Amino acid sequence: MDVKVVNQTTHEMQQLTQTVERLERMVTIGQMLNSTLDLSQLLETIIRTAAELVGTQAASILLVDERTGELFFAASTGSSREELRQIKVPIVGSIAGTIYQTGEPVIVEDVSGDSRHYTGVDQSISFQTRSLLGVPLLVRTRCIGVLEAVNKLDGGKFSEDDIRTLSTMASHSAIAIENARLVASLREANHRLSELDRLKTNFISIASHELRTPLMIVQGFASFLREQASGDMTSDLDMVLRGASKLQAIIDQMTNLNFLESGLSELKQEKFVVQELIGEMNEEWQPLAAAKQQSLRISMPSTPILIRGDRGKIHLALSNLLNNAVKFTPENGHIELHVILHTGRVEIAVVDDGIGIPKDELTRIFERFYQVEDHLTRHHGGLGLGLCIAKEVIEQHGGRIWAESNEGQGSRFRTILPTLFEHPQEA
């Protein structure tokens with residue numbers, strides 16, 4: 001066989017083998033690029049692999065800054081990465097800008113003779129660019145940046161195979177970069193939303209707490225003055241008390257919404273005396289009942305009853321029951337709160353002589369956002385959260401809650417909570 005033919009065949013086999021190996025490597029690289037959504041890690045992999053595949057001294061990725069419309073070095077090999085990150089490459093007057101605008105690969109074997117070469121980069125990092133191959137990073141028809149391979153090793157020239165290899169890699173890379181950027185944007189948006197949600201929750205919590213104390217002072221003082229007043233002053237103070245009652249309803253709704261979102265994930269366990277909590281609630285709710293000319297009577301044993309739980313959340317649950325009673329009891333009606341000690345448990349019952357609840361609604365009233373009244377005729381307001389939250393709180397504390405009522409004959413809401421068998425002074 002002719003030696004030339006043998007040599008040619010051998011050369012062709014070597015080229016074919018190299019092509020197959022390169023294609024196999026590209027498949028592996030494609031899988032690798034699609035396996036990570038960490039943008040910095042992804043960019044690092046792309047430039048390192050690009051320089052290796054094409055056989056160049058360096059490689060870099062330039063992406064478009066959407067705010068300035070300029071290209072910037074998102075990643076680069078070598079020791080001058082931080083300096084390169086500060087450099088902006090203009091779209092007009094640079095080889096990278098030409099590739100970005102045309103969407104076509106560009107080979108420059110001697111950049112010193114090309115007017116498009118942007119010398120500002122080399123001057124900034126004391127680097128000499130001799131030759132360059134750049135390909136666009138295309139996502140469908142949109143160019144998001146440029147992948148460059150710089151300075152062919154051993155003084156060689158870029159080949160058509162180099163263009164195909166780098167272009168194929170750029171196709172995989174562009175999609176992977178876009179996906180990673182979208183995920184990063186989504187994570188950032190979620191983080192901002194979480195932070196805004198936290199700020200909103202804190203604001204509602206602080207606002208409702210800070211408003212409640214001065215409101216109680218206004219209610220108590222207005223209620224006291226009303227008892228001493230006569231004539232027009234009585235109606236004026238009634239108006240003040242009604243306004244305070246509406247503000248109290250808003251605060252309660254804020255508290256309930258805040259609780260609904262934060263949930264019961266964090267229960268602050270502490271020991272406390274039931275009668276002390278009920279006493280505080282009596283001071284808080286007497287002016288509200290007085291605003292509707294209602295009587296609120298409290299009855300409880302003198303022996304201290306000790307329980308363990310989240311005092312603030314139990315206060316919220318019982319306040320929702322009292323709010324329900326005040327809301328649905330007419331003027332001059334009667335509301336009672338009874339504390340009854342049983343063996344190992346305490347019963348707290350809120351009783352009213354209000355409009356009552358239909359029997360077929362007694363179980364549904366504890367559902368979220370459920371309203372007994374028809375939405376077209378309801379005039380008592382509220383979001384339908386109070387009873388639902390009361391049930392969640394009581395059950396989380398190992399208790400139970402239910403309602404007993406006949407329509408038009410008032411209601412009794414009964415709450416059972418476990419007690420502690422120890423003297424309260426030991427708490």
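The values are calculated or read from the model by the stated rules, or taken from the named source; none is laboratory data. Fair warning: this is a prediction, and the values are worked out from it, not measured in the lab. For neighbour counting, all protein chains shown are included, and Cβ atoms are generated from backbone atoms with ideal geometry for every residue, glycine included. Side chains are part of the model used for accessible areas, which takes the heavy atoms of the whole protein and leaves out ligands, DNA and RNA. Shrake-Rupley method; radii C 1.70, N 1.55, O 1.52, S 1.80 Å.
The label point for Lys359 and the one for Met13, both projected 7 Å from the Cα toward the Cβ, are 9.7 nm apart. In this structure, the amide hydrogen of Arg400, modeled 1.01 Å from its nitrogen in the peptide plane, lies closer than 5 angstrom to those of Ile416, counting only residues at least 5 positions away or on a different chain.
Let me know the shape class of segment 104-167, please: from the alpha-carbon gyration tensor, a ≥ b ≥ c as square roots of the eigenvalues, rounded when a/c is under 1.5, otherwise prolate if a/b is greater than b/c, or oblate. Since a/c reaches 1.5 but b/c is at least a/b, the shape of segment 104-167 is classed as oblate.
Potential lengthening of the chain between Met239 and Thr141 amounts to 28.5 nm, from the contour at 0.36 nm per residue minus the alpha-carbon distance. Sequence-ordered 3J(HN,Hα) estimates for segment 152-167 from the Karplus curve with 6.51, -1.76 and 1.60 and θ = phi - 60° stand at 4, 5, 6, x, x, 10, 5, 10, 4, 4, 4, 5, 5, 4, 5, 5 Hz, glycine and proline given as x.
In order along segment 106-121, phi translates into HN-Hα couplings of 9, 10, 10, 7, 9, 6, 5, x, 10, 5, 7, 5, 8, 6, x, 5 Hz, rounded to whole numbers, per the Karplus curve 6.51 cos²θ - 1.76 cosθ + 1.60 with θ = phi - 60° and x for Gly and Pro. Taking label points 7 Å from Cα along the Cα-to-Cβ direction, Arg192 and Leu247 give a separation of 3.6 nm. Which of the GluC sites (Glu not before Pro) found in segment 91-164 are loop residues per DSSP with 15 or fewer other Cβ atoms within 10 Å of their Cβ? Counting only loop positions with at most 15 other Cβ atoms within 10 Å, the GluC sites (Glu not before Pro) in segment 91-164 are Glu109.
Ranking of Leu186, Leu417 by solvent-accessible surface, largest first: Leu186, Leu417 (1.4 Å probe, protein heavy atoms only, all chains present). Across the cross-link table entries Lys327/Lys359; Lys268/Lys391; Lys292/Lys391; Lys88/Lys157, which are compared at the Cα atoms, the separations over 23 Å belong to Lys292/Lys391; Lys88/Lys157.
Karplus-based coupling profile of segment 39-51, in residue order and whole Hz: 4, 5, 5, 5, 4, 4, 5, 5, 5, 5, 5, 4, 4, with θ = phi - 60° in 6.51 cos²θ - 1.76 cosθ + 1.60 and x standing for Gly or Pro.
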